[in-house]
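Report on the structure given below.
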Amino acid sequence: MSTDTVTETSSLTSALAAALHEAIRAAGGWLPFDRFMAMALYQPGLGYYANDTPKFGQMPQGVAGQGSDFVTAPELSPLFGHTLARQVAQALEATGTDEVWEFGAGTGALALQVLDALAAQGKAPRRYTIVDLSGSLRARQQLALARHADRVVWADRLPEVFDGVVIGNEVLDAMPVQLLLRRGGQEGGVWHERGVALAGDGRLAWADRPTALRPPLDIEGPHDYLTEIHPQGEAFVRTLAERLVRGAAFFIDYGFPEAEYYHPQRHMGTLICHRGHRSDDDPLADVGLKDITAHVNFTGIALAAQDAGMAVLGYTSQGRFLINCGLLDVARDAGPRDHAMLGKLVNEHEMGELFKVIGLAPAPSAEGWHPMGFASGDRTHRL
């Protein structure tokens, strides 16, 4: 790492720390974790997704000049996006729409793969809109998508109403969560909301306050229990439902249905940080220099969608979804490297089982067709 990079990183963390200290003091000395997470990830110019530090890639910091923190499926292999494009093409035709919307487009790799595949099928959309809070990634996306410049546009928010097919890969996990901690067991235990305060030496520190908030399920057992709830992710889905008039939405992310998410044995929650292809559980350290995520409660996402008038088109594992969409056919002419990556996309001990796919649509757009990705192995009944 160069001296300039070290200086830039130190300046970045100092500025973000100052903003967090000010926010904590302004809030009376205690900041709910969801507000802390929002600033750590999205504070303009300073948060992890709002600064210029490298994030996406197959190699960690200091290796081959990449300096990435994690790898997503599109970076593993173009087979991912080329296969997803088959589902997108079917959904565009079934819903009578001609625009694709992608949330959180990262490096632009998924957009490029989907657009290339749709163009090869003669089904290129009229427009491909990227909605991304990270302005720092836009230049990289524009470069990656140069050959599709005539149809790619960017937006920093959703319009009041729109049509189209929405895709989001690893978007829901990056939405701020609230942390709940039960001290004591199911009988007589007291629930607290976990937030962030300042220790005597000025360091960030955990601080818990009693709360009326609860997880959606009662959690059995005599032990302390730390978990997350997802009001922002669910609010995002409700907003999507209010504004998507015609079309469908497919979200791919790691997570569980509610009964697994709030299992008594998952007593340490799912919050995790990523930096340099390593994971840790301390979001208060190196703030702004690492990703902070939580697994998705897909039951909560489905219920939020249904309460807002959407239908659940299906829910299954990433591995099953890709195979249903014809991954093996797409991979027929792929090279050795992509064949090696295929296993990572679908195997149960890799991404194939931990990652799930949920499909949603406005009720009228859900009629008369069934997405190919859920043709077999649909687990909607387990949500």
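The values are calculated or read from the model by the stated rules, or taken from the named source; none is laboratory data. Note that the structure is predicted; figures quoted are calculated from it, not measured. As a convention, Cβ positions derive from the backbone with ideal geometry for all residues, glycine included, and neighbour counts pool all protein chains shown. Accessible surface areas use protein heavy atoms only, side chains included; no ligands, DNA or RNA. Shrake-Rupley method; radii C 1.70, N 1.55, O 1.52, S 1.80 Å.
Couple of notes before you dig in:
- Residue tally, condition modelled with pLDDT under 95 and of a type outside the set (D, E), over the range 156-182: 3
- Test for H223: is it over 21 Å from the mean Cα position of the chain (by Cα) and either outside any loop (DSSP other than H, G, I, E, B) or closer than 30 Å to L112 by Cα (or both): no
- Count - residues of the range 209-233 that are open to solvent by less than 80 Å² (accessible area, probe 1.4 Å) and closer than 12 Å to Q178 by Cα: 11
- Test: residue in the range 306-319 that is assigned to a helix (DSSP H, G or I) and without any contact (Cβ under 8 Å) to a residue 12 or more places away in the chain: yes
- Across the range 129-149, the qualifying residues are those that are more than 14 Å from G168 (Cβ to Cβ) and touching a Leu at 6+ places or on another chain (Cβ under 8 Å), and the one among them that is least open to solvent (accessible area, probe 1.4 Å) is L145.
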